[in-house]
1. For region 22-62, name all the residues that are surrounded by fewer than 21 Cβ atoms within 10 Å (Cβ to Cβ) and within 18 Å of Val113 (Cβ to Cβ).
2. Could you list, ordered by first residue, the pairs with Cβ atoms under 6 Å in which the first is in region 98-117 and closer than 17 Å to Glu44 by Cβ and the second is of a type in the set (Asp, Glu) and not in a loop (DSSP other than H, G, I, E, B), at least 6 apart or interchain?
3. Of everything in region 71-84, what is more than 13 Å from the chain's Cα centre (by Cα) and either more than 12 Å from Ser15 (Cβ to Cβ) or of a type in the set (S, T, N, Q) (or both)? Give them in sequence order.
4. In region 1-57, what residues are in a strand (DSSP E or B), closer than 14 Å to Asn72 by Cα and of a type in the set (Ser, Thr, Tyr)?
5. Identify all residues within region 41-75 that are on the phi > 0 side of the Ramachandran plot and at pLDDT 95 or above; write none if there are none.
6. Which members of region 63-92 meet the condition of being small (Gly, Ala, Ser), open to solvent by less than 50 Å² (accessible area, probe 1.4 Å) and not in a strand (DSSP E or B)?
Amino acid sequence: QLQASGGGLVQAGGSLRLSCAASGRTSSTVRMGWFRQAPGKEREFVARIMWGSGSTHYADSVKGRFTVSGDNAESAVYLQMNSLKPEDTAVYYCATSVRVAGTYDYWGQGTLVTVSS
């Protein structure tokens, strides 16, 4: 089970930190990712972290502004979002996978981020 939190309303240029806590069978988690879905658009990848190495990967649209991090002991993943833009407005979802690539297996319920201009 995944529980995302930290969304809210922020002005352009501001920051937010999203959190996602995993519970249950987390020992097989290989990677945790963040995705987002803006109104009327497809869900898109934002960032991911590999649980063992800590290796990260970002979508070009957020590179340099967002930072994904993880706490293995707490089975939690975070997304620090800086220099937010109105186009970052979306519902943000966290997800986990037991594989190094391909689809994600478990999804959180999403948290809404709204960036006003």
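The values are calculated or read from the model by the stated rules, or taken from the named source; none is laboratory data. Remember, it's a predicted structure, so these values are computed and weren't measured experimentally. Cβ atoms come from the backbone with ideal geometry, glycine included; neighbour counts cover every protein chain shown. To get the accessible areas, we keep the full protein, side chains included, count just its heavy atoms, and leave off ligands, DNA and RNA. Shrake-Rupley method; radii C 1.70, N 1.55, O 1.52, S 1.80 Å.
1. Within region 22-62, Gln37, Ala38, Pro39, Gly40, Lys41, Glu42, Arg43, Glu44, Phe45, Tyr58, Ala59, Ser61 qualify.
2. Close Cβ pairs satisfying both conditions: Val115/Asp88.
3. Residues of region 71-84 that are more than 13 Å from the chain's Cα centre (by Cα), as a first pass: 71-75, 82-84.
Passing the criteria: Asp71, Asn72, Ala73, Glu74, Ser75, Asn82, Ser83.
4. Result: Ser19, single match.
5. Answer for region 41-75, where residues must be on the phi > 0 side of the Ramachandran plot and at pLDDT 95 or above: just Gly64.
6. Result: Ser75, single match.
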